[in-house]
Amino acid sequence: MDHGGVRALFDRQMRRLAKADPGTRVELTGGVVRQMGAEHDWNGILWSDLDAASAAAAIAEQVRHFTQLGLEFEWKVYAHDQPGDLGRRLRAAGFAPEPEEALMVAPVRDLSTEVALPEGVHLCPVTDSAGVELLATVTEEVFGIDGVRARQRLLTQLDRGPKRVSMTIAMAGDLPVCGARLELIPGTEFAGLWGGGTVSAWRGRGIYRALVAHRARIAAGLGYRYLQVDASEQSRPILRRLGFVQLSTTTPYRYRPGALSSQA
């Protein structure tokens, strides 16, 4: 795989020319591409083309814009983004960095699609609100996030239909033990692996790996060329063994309206 070429393709299709999900809006303004939707949607900066002279004004404008809308938002900074001190500038403007993630990509054709699960575990597609409840329960436990917001976002994604997302839960009897999403962007060559996580008592049994294979099978059937994931430290070793390579790192910088005043 041509690492530099695939990273450039990712930047172009998934960031600079990003397509809006139903109910959201993506626009290029002031050297940045931003996405806006409802409060429970992902709101933030997908891509920027800034330099030392333009960064300060662009950051101030995005803070003003999202604050006027009453929205928290996230600026996704990649290691190869410019200027090189963009993260420092965002922190000075009141953004809080979250843990760094690795941008990892694999050609779908190179991935195993054989789903091997431990005895007593089976996969269930999420097709209704009951399934969303199970998936949100796993998400809360694994990632420690706001369950109310997670449920609303998952329900919204489910309503957008199977051409946009495929959600799956691994069940051990009646107990949800792992969950994951495959997010689909029609018109691009990338499908995204999101939300993959296994509850602590069931880790180390190959369930996460099985869900990667399951989603690779779906992506292959739909004609996607690459799978992409923003990988945590915990999942990176597994993904490397499966054939994913790291193309960059990305750090989410989150801004909450009133952040600077609350620090004063």
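The values are calculated or read from the model by the stated rules, or taken from the named source; none is laboratory data. What you are looking at is a predicted structure, and each value in this text was computed from that prediction instead of being measured. Glycine gets a Cβ as well: all are built from the backbone with ideal geometry, and neighbour counts include every protein chain shown. Calculation scope for accessible area: heavy atoms of the full protein, side chains included, ligands and nucleic acids excluded. Shrake-Rupley method; radii C 1.70, N 1.55, O 1.52, S 1.80 Å.
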So which of Gly221, Gly204 ends up being open to solvent by 50 Å² or more (accessible area, probe 1.4 Å), out of contact with any strand residue (DSSP E or B) (no Cβ under 8 Å at 6 or more places or on another chain) and over 19 Å from Val121 (Cβ atoms)? Gly221
Scanning the stretch 185-215 for residues that are part of a loop (DSSP other than H, G, I, E, B) and touching a residue at least 40 places away in the same chain (Cβ under 8 Å) gives Ile185, Pro186, Gly187, Thr188, Glu189, Val199, Arg205, Gly206
For Gly179, indicate whether it is within 18 Å of the chain's Cα centre (by Cα) and surrounded by 23 or more Cβ atoms within 10 Å (Cβ to Cβ). yes
Does Leu155 satisfy the criteria of being touching a residue at least 12 places away in the same chain (Cβ under 8 Å), touching a Pro at 6+ places or on another chain (Cβ under 7 Å), more than 29 Å from Arg225 (Cβ to Cβ) and open to solvent by 30 Å² or more (accessible area, probe 1.4 Å)? no
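Criterion first (more than 22 Å from Gln13 (Cβ to Cβ), within 19 Å of the chain's Cα centre (by Cα), of a type in the set (Gly, Ala, Ser) and surrounded by fewer than 21 Cβ atoms within 10 Å (Cβ to Cβ)) does Ala213 satisfy it? Outline the logic, then answer.
Working: more than 22 Å from Gln13 (Cβ to Cβ): yes; within 19 Å of the chain's Cα centre (by Cα): yes; of a type in the set (Gly, Ala, Ser): yes; surrounded by fewer than 21 Cβ atoms within 10 Å (Cβ to Cβ): yes.
When the stated conditions are applied, Ala213 passes them.
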Here's a check for you: in the stretch 41-90, which residue that is among the hydroxyl-bearing types (Ser, Thr, Tyr) and open to solvent by less than 30 Å² (accessible area, probe 1.4 Å) is farthest from Arg25 (Cα to Cα)? Tyr78
Does Ile218 satisfy being modelled with pLDDT under 95 and not in a loop (DSSP other than H, G, I, E, B)? no
Which number in (1) acidic (Asp, Glu); (2) farther than 30 Å from Gly243 by Cα; (3) under 19 Å from the mean Cα position of the chain (by Cα) marks the one condition that Glu61 misses? (3)
Answer with yes or no whether Pro257 is touching a helix residue (DSSP H, G or I) at 6+ places or on another chain (Cβ under 9 Å), touching a residue at least 40 places away in the same chain (Cβ under 8 Å), open to solvent by 50 Å² or more (accessible area, probe 1.4 Å) and in a loop (DSSP other than H, G, I, E, B). yes
Test Gly223 against the criterion of being among the small types (Gly, Ala, Ser), in contact with a Phe, Trp or Tyr (Cβ under 8 Å, 6 or more places away or on another chain) and over 16 Å from Val105 (Cβ atoms), and give yes or no. no
Met171 vs (1) open to solvent by less than 60 Å² (accessible area, probe 1.4 Å); (2) without any contact (Cβ under 8 Å) to a residue 24 or more places away in the chain: all pass except (2)
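Any residue in the stretch 141-163 that is within 30 Å of Asp51 (Cα to Cα), more than 16 Å from the chain's Cα centre (by Cα) and assigned to a helix (DSSP H, G or I)? Walk me through how you get there before you give the answer.
Taking the stretch 141-163 as the starting set, the residues that turn out to be within 30 Å of Asp51 (Cα to Cα) are none.
Scanning the stretch 141-163, I find no residue that is within 30 Å of Asp51 (Cα to Cα), more than 16 Å from the chain's Cα centre (by Cα) and assigned to a helix (DSSP H, G or I), so the answer is no.
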Could we say that Trp42 is of a type outside the set (Asp, Glu), touching a strand residue (DSSP E or B) at 6+ places or on another chain (Cβ under 8 Å) and more than 30 Å from Met171 (Cα to Cα) here? no
Checked Arg12, Arg7 against criteria (surrounded by fewer than 16 Cβ atoms within 10 Å (Cβ to Cβ) and of a type in the set (Lys, Arg)); the one match is Arg12
Between Glu119, Glu114, Glu98, which is within 19 Å of the chain's Cα centre (by Cα) and either open to solvent by 20 Å² or more (accessible area, probe 1.4 Å) or at pLDDT 95 or above (or both)? Glu98
Is it true that some residue in the stretch 123-137 is closer than 20 Å to Asn43 by Cα, of a type outside the set (A, V, I, L, M) and either in contact (Cβ under 8 Å) with a residue 12 or more places away in the chain or part of a strand (DSSP E or B) (or both)? no
